[in-house]
Amino acid sequence: MTKKQRRVPKDKKTGVPKKYLSGSKNRSAKAAEIKRTAEAYRKGEYIDIKAVSKSRTKQNVSGKKKKTTKRKRKS
């Protein structure tokens, strides 16, 4: 018998899981983009991944790229 998965808390207005919308500037715009992409995927249409990635990084609150840490030399 398989285990039942726990229900994910969703945003009341959009119906998208809250975790996907956390830390965004415009929640409704991000939700609309997620729904649009999901619908295109279901239909088997072409998805411009570069454009999707760009729009999602634009929604990011911090607004800057994370720096990679430099590795220290072992002596």
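Only residues that are polar (S, T, N, Q), more than 10 Å from the chain's Cα centre (by Cα) and closer than 16 Å to VAL61 by Cβ: list them for segment 1-32, please.
ASN26, SER28
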Residues of segment 18-44 classified as modelled with pLDDT of 95 or more and not in a helix (DSSP H, G or I), total
1
Could you run through segment 49-73 and say how many residues are at pLDDT below 80 and within 18 Å of ARG36 (Cβ to Cβ)?
0
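Residue-wise test of (1) more than 16 Å from SER55 (Cβ to Cβ); (2) of a type outside the set (D, E, K, R); (3) surrounded by fewer than 11 Cβ atoms within 10 Å (Cβ to Cβ); (4) touching a strand residue (DSSP E or B) at 6+ places or on another chain (Cβ under 6 Å).
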residue	(1), (2), (3), (4)
GLN5	yes, yes, yes, no
VAL8	yes, yes, yes, yes
LYS12	yes, no, yes, no
LYS19	yes, no, no, no
ARG27	no, no, no, no
GLU33	no, no, no, no
GLU39	no, no, yes, no
LYS43	yes, no, yes, no
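The values are calculated or read from the model by the stated rules, or taken from the named source; none is laboratory data. This is a predicted model, so every value here is computed, not measured. Cβ atoms come from the backbone with ideal geometry, glycine included; neighbour counts cover every protein chain shown.
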